[in-house]
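Coordinate-derived values only; no laboratory data. In this text the structure is predicted, and so the values were computed from the model without any measurement. All Cβ positions, glycine included, derive from the backbone under ideal geometry; neighbour counts span all protein chains shown.
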Amino acid sequence: MNTGKLTEPFRRLGWMHQLDRLKFWVQKRKNSRRNARFAQQHPGVAFPPDYMLFEAFQLDYQKYLEGGKRTADWIKALLEKHASVQGKTLLDWGCGPARVIRHFPEMLGQGASVHGTDYNATTIEWCKGHIPGIQFAQNQLNPPTEYANDQFDFIYGISIFTHLSEANHQAWFSELMRICRPGGLVLLTTHGEIFRQKLTNTEQAQFARGELVVRGNVVEGHRVFAAFHPPSYMRRLYAEKAEVLEHIPGGPKAWGLEQDVWILRRKS
């Protein structure tokens, strides 16, 4: 199903946020009993407020906790193909309500320094009050962050470029390179070739030319703001400041379409 054609009228009329709110209430009604039961089974776990969780991922407590742990394990395994993460300094860029980063303090062990940053002030305040062992900071939609030059050994951003304008692709990649130490690793995910099937005919032609496709007319950074990434475009973005260690194209999965994964090493 080409969701781009289905949602194009809503985007053109400026109704995408209203449509997203409707999806929230449908998901809340569908999952409320299951979420309440899961929360009772995990009394020591802090779960985010419902819309905060929906906006960042899905309104599903089990996927938040167990899926977040699987994603953290997956990130750790990908990074450790190239360098040990034990005891190192790690940043989750666009951490949301800590679905993934909450698992890293234990995984990285003694001496590690674990950080999360997000542009949503409410989310960061919730994280500071509920997720121990991590240093959280708010960034703005546009860089810079508060971090020092060369601060992090590892940075990852899961589905963050997917919600940014072209100008912020350029600006944020430069910022990530500034705060990553020389030789450090950056892991990013993007909407790659597999997502072409979701594009309109005009967007597909743009993608085929190696141009970034951006669906705007909504608040940048929100889940309904979407960007789609030809691999050639991303390689041009990275070329000056980073070496591409791995590009793992996404594919179709039982749960939907998988994003591309890029593992980069900052050049000296």
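A few remarks follow.
- DSSP bridge orientation in the chain - percent antiparallel, rounded to nearest 5: 50
- L245 long-range amide H proximity, modeled H, under 5 Å: I263, L264, R265
- Nearest-0.05 FRET efficiency for S232 and A46, computed from C-beta distance (R0 51 Å): 0.75
- FRET efficiency for the Q18 to T202 pair, using the beta carbon distance and R₀ = 22 Å, is estimated at 0.35.
- Between the stretch 11-73 and the stretch 173-219, the alpha-carbon center distance in angstrom: 25
- Database remark: amide H of I160 closer than 5 angstrom to the amide H of T189 (H placed geometrically; neighbours at sequence offset of 5 or more, or on other chains; Pro and chain starts carry no H).
- Full-extension gain in nm, R70 to V219, via 0.36 nm per residue minus C-alpha separation: 50.6 nm
- For the stretch 77-231, the antiparallel share of DSSP beta bridges with both residues in that region comes to about 15%.
- Hydrodynamic analysis of the stretch 187-246 uses the Kirkwood radius over alpha carbon pairs. Inserted into Stokes-Einstein at 25 °C and 0.890 mPa s, it gives a translational diffusion coefficient of 197 µm²/s.
- Given R0 = 30 Å, the distance between the Cβ atoms of A148 and E246 translates into a calculated FRET efficiency of 0.65.
- Values of log10 I(q)/I(0) for the stretch 81-141 across q = 0.20, 0.22, 0.23, 0.27 Å⁻¹ run -0.69, -0.80, -0.86, -1.08, by the Debye formula with one identical scatterer at each alpha carbon and no solvent.
- Estimated at 0.36 nm per residue, the fully extended path between E80 and Y119 surpasses their Cα-Cα distance by 11.2 nm.
- Note that the stretch 247-254 has calculated 3J(HN,Hα) couplings of 10, 10, x, x, x, x, 10, 4 Hz, one per residue in order, obtained from phi through the Karplus relation 6.51 cos²θ - 1.76 cosθ + 1.60 (θ = phi - 60°); glycine and proline are x.
- Exceeding the 28 Å Cα-Cα cut-off - candidates K76/K198; K30/K81; K81/K253; K88/K267; K28/K76: K76/K198; K30/K81; K28/K76
- Largest to smallest principal axis extent of the C-alpha atoms in the stretch 23-75, angstrom: 31, 24, 15
- The per residue volume of the convex hull around the alpha-carbon atoms of the stretch 3-266 is 126 Å³.
- The dipole here belongs to the chain: it is taken about the Cα centre, uses +1 on the Cβ of Lys and Arg and -1 on the Cβ of Asp and Glu, and is about 760 debye.
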